[in-house]
Structure formats: structure tokens, C-alpha cells
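One structure is given here, and the rest of the page talks about it.
All of the numbers you see were taken from the coordinates with simple rules; none came from a lab. Predicted model, so just to flag it, every value in this text is computed and none were measured. When we count neighbours, we look across all protein chains shown, and the Cβ atoms used for this are built from the backbone with ideal geometry, even at glycine.
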Amino acid sequence: MTTELTPAAPTLEQVAALAGVSRSTVSRVVNKSPHVTDEAAEAVRRAIDTLGYVPNRAARSLASRKTHVIALVVPESTAKVFADPFFASVVQGVALHLSDTEYTLNMVIASEASPDKTRRYLIGGNVDGALVVSHHTGDHSYAHIGQTLPVVFGGRPLMEDESASYFVDVDNVAGAETATQYLLETGCRNLAIVAGRQDMPAGVDRLAGWRSAVRRAGLDDSLVESGDFSPRHGADAMRRLLHRGQPIDGVFCSNDQMAAGAMGVLRERGLRVPDDVSVVGFDGDYFSETANPPLTTIAQPATGLGRRMAEVVVDLIEGRDVERVTMMPTQLLVRGSTLPLPQS
């Protein structure tokens, strides 16, 4: 029997010999040092291409004290993370940007471990930077580690000194105002909201936007129930609103998942959408597309948000100037869950 031996991988020394330069010169080219002549750098690059040399990332990490790893921290349960299309789109955006860099992505579902364990992992030299999505009021440890590690939040962090944090977000207040104003323009006057959690920035800001539009119209703003951004919580909140016995002809839901749950309850009670009650959501994900009728919603660019978060954290790691706050656009998508605007 003949045993075939796998050819040995080309070494740094072989690249140096072929290029006619020293080992240290090859190392400087690989690590993108500016202290190499153009002629030497070109000779090294040709040798690398000829030999198919792949730099030893572990050795480069030891030399630069970089891991080339970025952690994506999600303070939610595993079940929620994998059921929510928002998280999937954010991860896709992060991965798309990092695919063109030297960095790889580690996902940390923080609710599955103690906060101290996650904090120790992040500041223990395991990663070069961190992205935090769905940040809660109580998660101060992630904000504090920004003093020793580049950290970028997906969404405005709820903390005393927001000016000390880097974050990428949409204008949730303005988006909720737009949704509510559209309900008003279609003729709704008895407005309710299925609000998100009030320990999360998106929940707080979207309720504030709804209230601003309702109060500006001189209407009652007491029809408020909150949920945990899931269809079940949206359904429960809608039941509580209907149990009050007050007339409702328009509902803004703080995300599309809760809107889907709310619409199911309205059908159970024999109420037609939009003829009896108009419904608007927030996100623009597949829950809005597959709803019956299709859901009018405020679409946010979740994939773009993830991509921009990755851009910011890489810029911070590599010492480039970057704005602390990046605001992404939203868009009102009008579908069948709301009445048409009156003809002028």
C-alpha cells in the first residue's frame, strides 16, 4: 500500500529566500508595516503568491496582541434570539462586513451565562471588540467595559452618560410618530399602543413617539399596554386593551411580531382589520409580509444596522476616527392593515 504524504505548507523562510530578502522583511510585509521599500514589498508579495504562503494568524496575534475576533453579545434567551428575524438580519449585516476584513465573529448569548462570566470573557484578552444588541437597563457591565475595550451598541443604550458610548440606531421616536400620524390621517381617533418593554430603549422611544403624536392631536393617550416584543405578548396586550371596554379604531404595535399577535386577537373577537381596527407595526420583517392582511409598518434596515456596527467597531479597534452616534433611516410601508388615506 502506498501512503501519500501531504506537502508541507510553505514557510516564512522559504518566502524570504525566494524574494531575496530577510525573514524580518517578510514579517514586516505580512504585518503591513510601512517600514519596507516598495521594491522589497513587491518581491515578497510575488513570492507569497508563487508559494501559496498563508501567514500564521496565531503568531501574528501574539506579535500584535490582537485576536482578530469580535464578539456579538445578545442579552436575550437562546429561544428568542433564534426566533426573531431582527437578530438574524443584524448578524447577517455584521458578518457581511467582517467577511472583507481579518476579523471573525463570536456570538455570545449573554442570558445563558452570568453577567460576570460574560464580562470576564470580553475583557480577558479573548476579543478585540464587542457589539451589543438589545441592551437592557440593567446591563451596565457592558457599558463600563467600553473604557477598556471598543464596544458598539445596536440601539441607544439606557445609561446615565450616553455620550460615553458608541451606538448605531434608528430614530425610534420619529418612526413611531410617523406610524401614529398615518393612523390619524386615515381617520382613526381612538388610538391604542401595544408598547415594547420599558427597560429597553426601543420600547421607551416608540412609546414616546406614539404619545407625542396622540397628544399633539389632542386625543386620549391612556390606552397603553406593554409586551416583550413577541407574538404571544402582543396578543396578551391586545386582550388587555379590549378588556377595558373603550373604543379602539387604530393600534400601533412596537414591533411586527406583537402586531401579528394583536391581529390574531382582533380576529378572535370578530373585529375586521382594517375596517374596524387599523394596525401598524415596526420592523418591516417577514411577520409584516406574511400577516393577513399584510401589515403596514415602519421598516428599519436591520442588516444595514449590523453592517454599520461592524464598521464602527473595526474603526475603533484600528484607531480611526468615528462618530459616536450613527442614525439609520426608517420608511413607512403602507399595506392592507390600514385604511387608505381620504381622497382630497
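Using C-alpha pairs under 8 Å with a sequence gap of at least 6, the mean separation divided by the residue count of the range 172-300 gives a relative contact order of 25 percent. Once backbone amide H atoms are built at 1.01 Å from N, Val279 has Val251, Thr338 as its partners under 5 Å, excluding neighbours fewer than 5 places away on the same chain. Phi-derived couplings, Karplus 6.51 cos²θ - 1.76 cosθ + 1.60 at θ = phi - 60°, listed residue by residue for the range 266-281: 4, 5, 4, 8, x, 9, 8, 10, x, 4, 9, 9, 8, 10, 10, x Hz, with x used for Gly and Pro.
Here the spin labels are modelled as points 7 Å beyond Cα on the Cα-Cβ line, and at Asp275 and Gln246 they lie 2.7 nm apart.
Once label points are set 7 Å from the Cα along Cα→Cβ at both Ala83 and Arg239, what is their separation, rounded to one decimal in nm? So the label points at Ala83 and Arg239 sit 1.5 nm apart. Coupling constants for the range 37-45 follow from the phi torsions by the Karplus curve (6.51 cos²θ - 1.76 cosθ + 1.60, θ = phi - 60°), and in residue order they are 5, 4, 5, 5, 4, 5, 4, 5, 5 Hz; glycine and proline get x. What lysines does Lys66 reach when the alpha-carbon gap must be under 28 Å and sequence neighbours fewer than 8 apart in one chain are set aside? Within the straight-line limit of under 28 Å, Lys66 reaches these lysines: Lys32, Lys117. You can think of it this way: the chain between His35 and Ile123 has 28.5 nm of extra reach, that is 0.36 nm per residue less the Cα-Cα gap. Electrostatic tally near Ser222: other residues with Cβ closer than 12 Å to its Cβ, Lys and Arg +1, Asp and Glu -1, net 0. A rounded overall shape is assigned to the range 172-300, the ratio a/c of its alpha-carbon gyration tensor axes (a ≥ b ≥ c) being less than 1.5. The length gained on full extension between Tyr286 and Thr104, counted as 0.36 nm times the residue separation minus their Cα-Cα distance, comes to 62.7 nm. Amide H contacts of Ser226: Ala195, each under 5 Å away and 5 or more positions distant or on a separate chain (H built 1.01 Å from N in the peptide plane; Pro and chain starts excluded). The trypsin sites (Lys or Arg not before Pro) of the range 202-289 that meet both conditions, a loop assignment by DSSP and at most 16 other Cβ atoms within 10 Å of the site Cβ, are Arg244, Arg269, Arg272. Considering only Gln246, Gln198, Gln92, the Gaussian network model of the chain with Cα springs below 10 Å gives its largest mean-square fluctuation to Gln246.
Phi angles of the range 128-133 translate, via the Karplus equation with coefficients 6.51, -1.76, 1.60 and θ = phi - 60°, into HN-Hα couplings of 8, x, 9, 10, 10, 10 Hz per residue; Gly and Pro are given as x.
Distances between placed amide hydrogens fall under 5 Å for Thr104 paired with Val69, Ile70, all partners being 5 or more residues away or on another chain.
Report, in whole Å, the centroid distance computed from the Cα atoms of the range 301-333 and the range 188-207. Computed from Cα coordinates, the inter-centre distance equals 25 Å.
With Rh defined as the Kirkwood radius, the inverse of the mean 1/r over Cα pairs, the Rg/Rh of the chain is 1.14. Only beta bridges with both residues in the chain are counted; by DSSP, about 10 percent of them are antiparallel. Taking every C-alpha pair closer than 8 Å and separated by at least 6 residues, the mean separation divided by the residue count of the chain gives a relative contact order of 16 percent. Full extension of the chain between Val334 and Asp220 gives 38.6 nm of extra length, using 0.36 nm per residue less the Cα-Cα distance.
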